[in-house]
Structure formats: C-alpha cells, structure tokens
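Only the coordinates and a few stated rules stand behind these numbers; no lab work does. Nothing here was measured: the structure is a model prediction, and the numbers come from that model. Glycine gets a Cβ as well: all are built from the backbone with ideal geometry, and neighbour counts include every protein chain shown.
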Amino acid sequence: MSRISTDEVARVAGLAHIALTLEEIERFAGELDVIADSVAKVSEVATPDVPATSHPIPLTNVWREDKVAHTLDRDEVLAAAPACEDGMFLVPQILGEE
C-alpha cells in the first residue's frame, strides 16, 4: 500500500515553491514510498534492547599531547598586514552594505 500519495508530493512541492512535472511527482511519490518502507523496516529492528549507535564500529579520538611552543609575535604579524587597528587586522566592512 502506498504511504506517500502524488497529492502529498504535489502539496509539499507547492509549499516549497518547487515546480514539478506530473512525471516527477509520480516518480518522487514512488521513491519516497521506498524510503518510508526502509525506515519502517529499521524501526522494526530497533527495539529497546538494541543500543543506539551512530557508527558500526567504535570510534576513538586521537589527541596529541599539548606542548608549549613558540608562537608568532603579534606586533610582527600586524606589521606585515596591509592595515591594522587596536591590535587587530583591519578589513573592509562587508555586512550591511547595499
């Protein structure tokens, strides 16, 4: 039995202001049905005794040890900049312009 009708696809496409042909509406209705069936199958298997996972194998983060190292001198870096002000790079404003 079809879960997603062509009327539903056309309605959602209209809400999203997406122009679809009749053939596209029919194709998407079928594709969305396949997706809905797949989600239903997964829901059948996902019982409360099955722990939720995001990956099939466990992941571990690899962190490097924090070490104090030489950093760049701010005044030297700003001296090489085209423009600076109050210890920061000065760049052209891009927001709020017409």
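Remarks
- Selection of the range 17-56 for residues being assigned to a loop (DSSP other than H, G, I, E, B) and in contact with a helix residue (DSSP H, G or I) (Cβ under 7 Å, 6 or more places away or on another chain) yields only L20.
So that you can scan it fast, the table gives a plain yes or no per residue for (1) among the β-branched types (V, I, T); (2) more than 24 Å from the chain's Cα centre (by Cα); (3) surrounded by fewer than 10 Cβ atoms within 10 Å (Cβ to Cβ):
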residue: T6; (1), (2), (3): yes, yes, no
residue: H17; (1), (2), (3): no, no, yes
residue: R27; (1), (2), (3): no, yes, no
residue: G30; (1), (2), (3): no, yes, no
residue: A40; (1), (2), (3): no, no, no
residue: P51; (1), (2), (3): no, yes, yes
residue: H55; (1), (2), (3): no, no, yes
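- Scope the range 1-43; condition farther than 26 Å from T53 by Cβ and among the charged types (D, E, K, R); matching residues: R3, D7, E8, R11, E23, E24, E26, R27, E31, D33
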